[in-house]
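To keep things clear, I will list the structure first and then write my remarks on it.
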Amino acid sequence: MAVTERAGEDSQDELARRFEEHRGPLRGVAYRLLGSLADADDAVQETWLRLSRSDAGAIDNLAAWLRTVVSRICLDMLRSRTSRREDFVGHLPEEVWDEERTGAGPESEAVLVDAVGRALLVVLDSLSPAERVAFVLHDLFAVPFAEIAPVVGRTPVTTKKLASRARHRVQGTSTLPAPELDRQRQVVDAFRAAARDGDLNALLAVLAPDVVRHADPLTLAPGASARARGADEVARETVVLRRNARFAATALIDGRPGLVVAPRGRLLLALAVTVEADRVSAYEVIADPARLSELEISLVPGSLRPSSGAPGSPSA
């Protein structure tokens, strides 16, 4: 009896060791599917529990089995969410600021957000659960549609259509010719970098002399004006609000380069930017949830960063 029990313990220890070899890749899949580190870790832990209760000896391809299970768990979690994003409603909780200041370790959510891309997480949050699973598994991890289909409960052909529809929303369509799009993106990138660094001179260089800033009331301090005009006023205001820029990423806003401010990859603000003569001539800060939901936000062409193309070995 003791020998049998010891053999069972050794077998479970070996299974746990094999699972740990896959924990990183599973976490990478789960994080891209859920957009939350805590939820991703919960999904990975549930995957281990299901493996520990299964007949592991009957599993031919452990990597594929684990990826399928964690994807199904994530799909269930996405479907059960009552809200697609956590509304910070015009301010950021202090724990988010603390995380940004201290989250330099390899396990921090700030590091994962930067690795995946803030703009991508924002756009993924606009997809339906099935679209998100199909797109992430196929386009980011090169999982075949035949393997994804059972996860989302569709045929391979329908699953391919889900991914195609999601891809169209993620990549979007610019209203500008390619050369003009690239020029405007560079201006917006320069504005974002200057705002992040609090570089007043760089801001003055990228802002038009008569630049106008409009803002939703949710973003304003009591008594502040919804409209600011002139490069000096707008630049100095931007320097004061520089910590918002640390969460900013360039994206297409209704087909034109703009910015999304997304702590932990969750959309807080969008900046609809107007560029004229290679300078920012105006921008609007949008924070009202109803207005944000009406925006068409997508990635700037060429900015999608797939994970490892080999199924079963995505990077975390």
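Quick check on R229: is it modelled with pLDDT of 90 or more and either farther than 20 Å from L292 by Cβ or in contact with a helix residue (DSSP H, G or I) (Cβ under 6 Å, 6 or more places away or on another chain) (or both)? The answer is yes for R229.
Is it the case that region 220-241 has a residue that's under 29 Å from the mean Cα position of the chain (by Cα), at positive phi and in contact (Cβ under 8 Å) with a residue 12 or more places away in the chain? Scanning region 220-241 turns up no residue that is under 29 Å from the mean Cα position of the chain (by Cα), at positive phi and in contact (Cβ under 8 Å) with a residue 12 or more places away in the chain.
Looking across R242, R246, R165, R185, one residue alone is open to solvent by 10 Å² or more (accessible area, probe 1.4 Å) and closer than 14 Å to V300 by Cβ. It is R185. Here Y31 fulfils each of the conditions (1) hydroxyl-bearing (S, T, Y); (2) in contact with a Leu (Cβ under 8 Å, 6 or more places away or on another chain); (3) not in a helix (DSSP H, G or I) apart from (3). Residues of region 264-286 that are in contact with a helix residue (DSSP H, G or I) (Cβ under 7 Å, 6 or more places away or on another chain) and either open to solvent by 30 Å² or more (accessible area, probe 1.4 Å) or over 22 Å from R169 (Cβ atoms) (or both): R264, V275, D278, R279, V280, V285. Taking the listed residues S298, S293, the one that is surrounded by 15 or more Cβ atoms within 10 Å (Cβ to Cβ), within 17 Å of the chain's Cα centre (by Cα) and under 23 Å from T173 (Cα atoms) is S298, with no other qualifying.
Scanning region 136-148 for residues being open to solvent by 10 Å² or more (accessible area, probe 1.4 Å) and either closer than 20 Å to M77 by Cβ or in a helix (DSSP H, G or I) (or both) gives a total of 5.
Scanning region 148-187 for residues that are over 23 Å from the mean Cα position of the chain (by Cα) and on the phi > 0 side of the Ramachandran plot turns up just one, G153.
None of L200, L220 is touching a Gly at 6+ places or on another chain (Cβ under 9 Å), open to solvent by 30 Å² or more (accessible area, probe 1.4 Å) and not charged (D, E, K, R) except L220. Restrict the check to region 77-90 and report whether at least one residue is open to solvent by less than 60 Å² (accessible area, probe 1.4 Å) and modelled with pLDDT of 95 or more. So far as region 77-90 goes, yes, one or more of its residues are open to solvent by less than 60 Å² (accessible area, probe 1.4 Å) and modelled with pLDDT of 95 or more.
Which one is least open to solvent (accessible area, probe 1.4 Å), of the residues in region 149-159 that are free of Cβ contacts under 8 Å to residues at least 24 places away in the same chain and part of a helix (DSSP H, G or I)? Selected residue: A149. For beta carbons closer than 7 Å, sequence separation of 6+ or different chains, a first residue in region 178-189 that is within 13 Å of R256 (Cβ to Cβ) and a second that is charged (D, E, K, R) and surrounded by fewer than 15 Cβ atoms within 10 Å (Cβ to Cβ), the qualifying pairs are R183/D278; V187/D278. Condition check: basic (K, R) and out of contact with any Asp or Glu (no Cβ under 6 Å at 6 or more places or on another chain). Does R256 satisfy that? For R256, the condition - basic (K, R) and out of contact with any Asp or Glu (no Cβ under 6 Å at 6 or more places or on another chain) - is met. Only one of the listed residues (V96, V133) is modelled with pLDDT under 95, open to solvent by less than 20 Å² (accessible area, probe 1.4 Å) and assigned to a helix (DSSP H, G or I). That residue is V96. Restricting attention to region 253-260, does a residue exist that is closer than 16 Å to A190 by Cα, open to solvent by 20 Å² or more (accessible area, probe 1.4 Å) and either assigned to a loop (DSSP other than H, G, I, E, B) or not small (G, A, S) (or both)? Yes, because at least one residue in region 253-260 is closer than 16 Å to A190 by Cα, open to solvent by 20 Å² or more (accessible area, probe 1.4 Å) and either assigned to a loop (DSSP other than H, G, I, E, B) or not small (G, A, S) (or both).
The values are calculated or read from the model by the stated rules, or taken from the named source; none is laboratory data. Predicted model only: the values in this text are computed from it and were never measured. Note: ideal-geometry Cβ built from the backbone for every residue, glycine included; neighbour counts use all protein chains shown. These accessible areas exclude ligands, DNA and RNA; they are computed on the full protein's heavy atoms, side chains included. Shrake-Rupley method; radii C 1.70, N 1.55, O 1.52, S 1.80 Å.
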